[in-house]
Amino acid sequence: MLKATITAFSGLSSLPVLRDELVVNHRVLTDAQINTAMVAGRVSPGPLGMFIVSIGYYVAGIPGAIAAWLALATPALVVIPILRYIGARADRPVIRDALNGVVLASVGLMLSALRPLMTTSVTGVATMLIALVSCAVLMFSRRVYTGLVILGASIAMVVFTILQGV
């Protein structure tokens, strides 16, 4: 957990590292469990990376959740002196370019984790439609709470399921 959070520069950029370690290498979680942890983390108030606590809970119960929470908090405490140093030099092109490179690398890592997670979540036309609409709402609307999008997607899936059964 600490490895994932210390190398992440935004809430979701730790996801590829966590998936690689816990699903691919050690096989202690499934993609479905990571998806569930992501939903729990996104619905609950707090930072984007709170899903890590849910993942820790899946892996080792309450002690795992506590360890994940500590791993989540550690980089924030370490980065304060680093930001003080970088902040004073942020106008230098080398520092600015390095920070831009870190952001681009984080985006690339997040995109690499998207495909395996989507294959376990998007299982048909209905789920694909819900995923695309949810993505569009989150991308183009600045004031929509993520929890409402998740609630709307859940209701839409229930309606699609009921309609398929009729």
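Values quoted throughout were computed directly from the atomic coordinates according to the rules given, and no laboratory measurement underlies them. Computed from a predicted structure; not experimentally measured. A quick note on method: Cβ atoms are made from the backbone with ideal geometry, for glycine too, and the neighbour counts reach across all protein chains shown.
Please report the relative contact order for the chain, taking Cα pairs under 8 Å with a sequence separation of at least 6, and give it as a percent rounded to a whole number. All intermediate terms of the calculation are to be shown ahead of the outcome.
Working: 146 pairs, mean separation 39.3, N = 166.
Worked out over the chain, it gives 24 percent.
Which of the trypsin sites (Lys or Arg not before Pro) found in segment 14-95 are loop residues per DSSP with 14 or fewer other Cβ atoms within 10 Å of their Cβ?
Numbers: sites: R19, R27, R42, R84, R89; in loops: R27, R89.
For trypsin sites (Lys or Arg not before Pro) across segment 14-95 that sit outside H, G, I, E and B with at most 14 neighbouring Cβ atoms in 10 Å, the list reads R27, R89.
Mind pulling the angle between the C-alpha long axis of helix 93-121 and the longest principal axis of the chain? Nearest 10 degrees, somewhere in 0 to 90.
20 degrees
In nm, to one decimal, how far is the modelled label at H26 from the one at T119, with both set 7 Å along Cα→Cβ?
About 2.3 nm, to one decimal.
If the viscosity is 1.306 mPa s and the temperature 10 °C, what Stokes-Einstein diffusion coefficient in µm²/s follows for segment 123-166 when Rh is the Kirkwood radius over Cα pairs? Display every interim value, and only then the final one.
Numbers: Rh = 11.0 Å.
Reported coefficient: 145 µm²/s.
Rounded to the nearest 500, what is the 222 nm mean residue ellipticity of the chain from helices alone, with -39500 (n - 2.57) per DSSP H run of 4+ residues and division by all residues?
Values: 7 runs with 125 residues, N = 166.
Calculated from helices alone, the mean residue ellipticity at 222 nm is -25500 deg cm²/dmol.
Given points 7 Å out from each Cα along the Cα-Cβ axis, report the I6 to T146 separation in nanometres with one decimal.
2.5 nm
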